[in-house]
Structure formats: C-alpha cells, structure tokens
Amino acid sequence: MISLVAGPRPRVMGVVNVTPDSFSDGGEWFEPEAAIAHGRELVAAGADVIDVGGESTRPGAERPPVEEELRRVLPVVRALAAEGALVSIDTMRAAVASAALDAGAALVNDVSGGRADGDMVPLVAQAGIPFVAMHWRGHSADMQERATYGDVVADVCAELRDQVKVLQDRGIRADNIILDPGFGFAKTAEHNWALLRRLDELVALGHPLLVGTSRKAFLGRLGRPDGAEPRPATERDLTTAVTSFHAARHGAWAVRVHDVAATVQALDVAEALSQPDEVST
C-alpha cells in the first residue's frame, strides 16, 4: 500500500488509458495486451502507481456502457496487479471500482469525487482504501459550460472542503482522502494557471494533493499565436514535466502523468535542489 504522507518528492502516477478516444494518445493502448505492456513500461520508468481507466473524460466525451468499461479495464488491472504493480482504478462507477478492487486494484480515482454514482462512497468506505476525490461540476459532455467562478482557487477549495465533509460523513476516513483540483475539468486555461500558481492554498486543505496537468490543452497553447491550434497532446510532455517540478516545490503528494520518464527526471532535479548545502569546515 502506498503511503499518503507527503514525502521528499511526489509520487508518480502513470496513466494507462484503455479507451479508443482519449485526448492524449488516440487509443494507442486500447487493446488489453498493449495496455498491459504499456503499464509495465511505466513501472520500469519509475511510476509508483499505475492508473487504469476505461472511460475518456475529455471535453465532449460520451460515456461507454458499464459492461464495456469493465471489459476494457479488468484484464489490465488483473495482469498488472498480479505482477506486483500498485494499481489505481480510474472510474466513476461503483460496479467498475468493485470489480477492479477484486482484481487487485489498491485505490480508486474518481473524477466525480463520488458524486456520479451514489454507491461509490459506501463501497470505498467499506473497503477502507485510499480515494481520490477530484473537483467536479458535471460530466464531460457539458462540463465546460460550468466553468464559471468568482475566485477560481477559493471556489475550488470551498467545493473540495464541502465534498470532504460529505465523504467523511458517509464513512470514508479522513486519512484515506486524496484531493485533486481537476485541471481541465470545467476550467478554462486561465483557471488552470491560477490553480497552478496557488497550489499552496490547495495543499493547505490538509489532504494529500494529486496534480493532474499532463498533456492538458492549456499547456499546448503556450507560445502559440492567438487562435492557433494547440500543440498535439504528445508534444506537451516537456511542459508537463515543468508543472511536475512546480508541484514538487509546492508540496504535492503525487503527479499524474503520461510520460513517466520525463517527470521522474524533473522530480530528480527538484529533489536535488531541495537538499541543504554542504558546509565545509
């Protein structure tokens, strides 16, 4: 089981999208054999957790039937867990989470924070496992219509506090709750940058913080002329690694990334810079 205590560097959660329509990899890992092989590669590159998901949450995405989501993820979870990987199941459905836990998953990453399925919170509470609760305002099909805030950081913090109370009232232990500010979910580019600039306020909520900026469109727009298309998702790994470095310097518990190797190198730099100077006498 992974420690939820913040260490000298963030943990690295490697992403395995078992979907045909992910924004980040275009279905490259859709077949179970390819997804399992990719999970092994991420472990070898230094991932502490492998996050397996079977539902695309890109803006506008339609939800697959639950049977299809199960078909996608269970072989991958089962194989990687059997090989000793620490596996997270990325799902909003309690039925999928339950089956994945039976297959060897050790934590649940729910982008809805337990809101999308009323059975999710009781399941996690009974299992006594870590639960990632993301800031969420609705499903992908129309979430960007809800990207309206006063002070986005203050609003996100307030909504996360409210959700933590709900989770605790329904039986999830406080020390099992991980928070995710939901970069890109009902957020504009400026909202995302504000959350990154003020990570300290999110860390101050008192729960482990997961930062998931990897390959998001706001990173692809950096340096691009107004109105130009953002860089392709696979060309956003350098900027992602920089945000991982920033997260490390501001006390994040973990970073969720597609390119594990680049982020591990960025975290090596952050850790080296955090060491005290040697004083010669």
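Laboratory data are not the source of any read-out in this text; all were calculated from the coordinates shown. Note that this is a predicted model, so its numbers are computed, not measured. Every residue, glycine as well, gets a Cβ built from its backbone with ideal geometry; the counts of neighbours run over all protein chains shown.
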Is the chain best put as rounded, prolate or oblate by its Cα gyration tensor, with a ≥ b ≥ c the root eigenvalues, rounded for a/c under 1.5, and otherwise prolate when a/b is larger than b/c, oblate when not? rounded
Would region 127-218 count as rounded, prolate or oblate if I go by the C-alpha gyration tensor, calling it rounded below 1.5 in a/c and otherwise prolate when a/b exceeds b/c, oblate otherwise? prolate
So which residue, out of 134, 120, 13, gets the largest mean-square fluctuation from a GNM of the chain using Cα contacts under 10 Å as springs? 120
In the neighbourhood of residue 12 defined by beta carbon distances under 14 Å, the net charge of the other residues (Lys, Arg +1; Asp, Glu -1) is -4
